[in-house]
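Since the structure comes first, as structure tokens, the remarks are kept for the end.
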Amino acid sequence: MVSYYTPVGRYATDAGFFATFGVDNAALHALTDGQDGPNGLYRYGTGGGFPTLSWPSNYWVDLTFTAAG
């Protein structure tokens, strides 16, 4: 899971991007929506916390991946 937190709710989205297919890019696997739960979780509000709400969209952030070990 990849997520980020922002108290002002800014994000980029492509509605339904993972509805019918996933994406594999060496070490990062983005599953098809519903393959292992919803894809595109979010949480509104201050204080952070685990995202548990879903919408038929996928949210984009730039990430840096570092393999453990």
- Message: Per residue of region 21-30, what does 6.51 cos²θ - 1.76 cosθ + 1.60 with θ = phi - 60° give for ³J(HN,Hα)? Whole Hz please, x for Gly and Pro, Karplus curve as stated.
- Response: 7, x, 9, 10, 9, 4, 5, 10, 10, 9
- Note on the structure: With x for Gly and Pro, the residue-by-residue ³J(HN,Hα) of region 33-44, computed from phi through the Karplus equation 6.51 cos²θ - 1.76 cosθ + 1.60 at θ = phi - 60° and given in whole Hz, is 3, x, 5, 9, x, x, 10, x, 7, 8, 8, 9
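Quick check: residue separation of residue 64 and residue 15 times 0.36 nm, minus the Cα distance between them. What number comes out in nm?
Taking residue 64 through residue 15 to full extension adds about 15.3 nm, to one decimal.
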- Query: Which residues make up the longest stretch of the chain clear of chymotrypsin sites (Phe, Trp or Tyr not before Pro) that lie in a DSSP loop with no more than 15 other Cβ atoms within 10 Å, not counting the sites?
  - Reply: 22-43
- Give the Debye-formula value of log10 I(q)/I(0) at each listed q (0.17, 0.18, 0.23 Å⁻¹), with one equal scatterer per alpha carbon of region 12-60, two decimals each. -0.53, -0.59, -0.86
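Just so you know, all these numbers are worked out from the coordinates, no wet-lab data involved. Predicted model, so just to flag it, every value in this text is computed and none were measured. FYI the Cβ positions are ideal-geometry reconstructions off the backbone, even for glycines, and counts take in every protein chain you see.
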